[in-house]
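Report on the structure given below.
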Amino acid sequence: MLTLTVTHRQALKAQAHVLNPVVMIGKSGLSANVIGEIERALTSHALIKIKVQMDDRVARNTFLEEICALTNAAPVQHVGKTLVIYRPKPEETAKKTERAPSKKKRAPLRRKRDFQN
């Protein structure tokens, strides 16, 4: 299971506030089809909301832990019947490692005095 820092989790909560639930878990619980749909949603969106149609909070907590363990995602938030999970996209992690070493030196800024005689 992926772990997040407190500041990263807060930023993800802010991003998830405007999202609509992508996956809904019915009263029958987790199935292979539901896990597959969550996998597809995570690969295309990275941050998703899941709506659970059960009243038992303990069952919702176990769903959240089980989903995160099966999909290698991080739990972001659990409010009421809504679960928010995050898994970074593979392309994003590859791009971050490629961009890091390339820093270009910027030319110094020219002031008004540099143009005067």
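The values are calculated or read from the model by the stated rules, or taken from the named source; none is laboratory data. In this text the structure is predicted, and so the values were computed from the model without any measurement. Heads up, the Cβs are rebuilt from the backbone with ideal geometry, glycines too, and the neighbour counts pull from every protein chain shown.
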Under 6 Å by Cβ, and 6 or more places apart or on different chains, what pairs join a residue from the range 10-38 that is exposed (fewer than 10 other Cβ atoms within 10 Å of the Cβ) with one that is not in a helix (DSSP H, G or I)?
K27/Q53
Among the residues that make up the range 71-88, is at least one of them of a type outside the set (S, T, Y), touching a residue at least 12 places away in the same chain (Cβ under 8 Å) and in a helix (DSSP H, G or I)?
no
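Out of the residues in the range 1-16 that are in a loop (DSSP other than H, G, I, E, B) and under 12 Å from the mean Cα position of the chain (by Cα), state the one that is modelled with the lowest pLDDT. Explain how you work it out, then say what you get.
Looking only at the range 1-16, we keep the residues that are in a loop (DSSP other than H, G, I, E, B), and these are 1-5.
Now drop any that are not under 12 Å from the mean Cα position of the chain (by Cα), which leaves 2-4.
Numbers: L2: 82, T3: 85, L4: 90.
Among those residues, the one meeting the criterion is L2.
Looking only at the range 19-35, decide whether some residue is outside any helix (DSSP H, G or I) and farther than 17 Å from L64 by Cα.
Narrowing the range 19-35 to residues outside any helix (DSSP H, G or I): 19-31.
From the residues that got through so far, the ones that are farther than 17 Å from L64 by Cα too are 19-20.
Taking every residue of the range 19-35 in turn, at least one turns out to be outside any helix (DSSP H, G or I) and farther than 17 Å from L64 by Cα.
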Please identify the pairs in which a residue from the range 46-61 that is touching a residue at least 40 places away in the same chain (Cβ under 8 Å) has its Cβ atom under 6 Å from the Cβ atom of a residue that is charged (D, E, K, R) and surrounded by 13 or more Cβ atoms within 10 Å (Cβ to Cβ), counting only partners at least 6 apart or on another chain.
A46/K89
In the range 48-98, which residue that is within 15 Å of Q15 (Cβ to Cβ) and exposed (fewer than 11 other Cβ atoms within 10 Å of the Cβ) is modelled with the lowest pLDDT?
E92
Which members of the range 36-63 meet the condition of being over 15 Å from the mean Cα position of the chain (by Cα) and assigned to a helix (DSSP H, G or I)?
G36, E37, R57, V58, A59, R60, N61, T62, F63
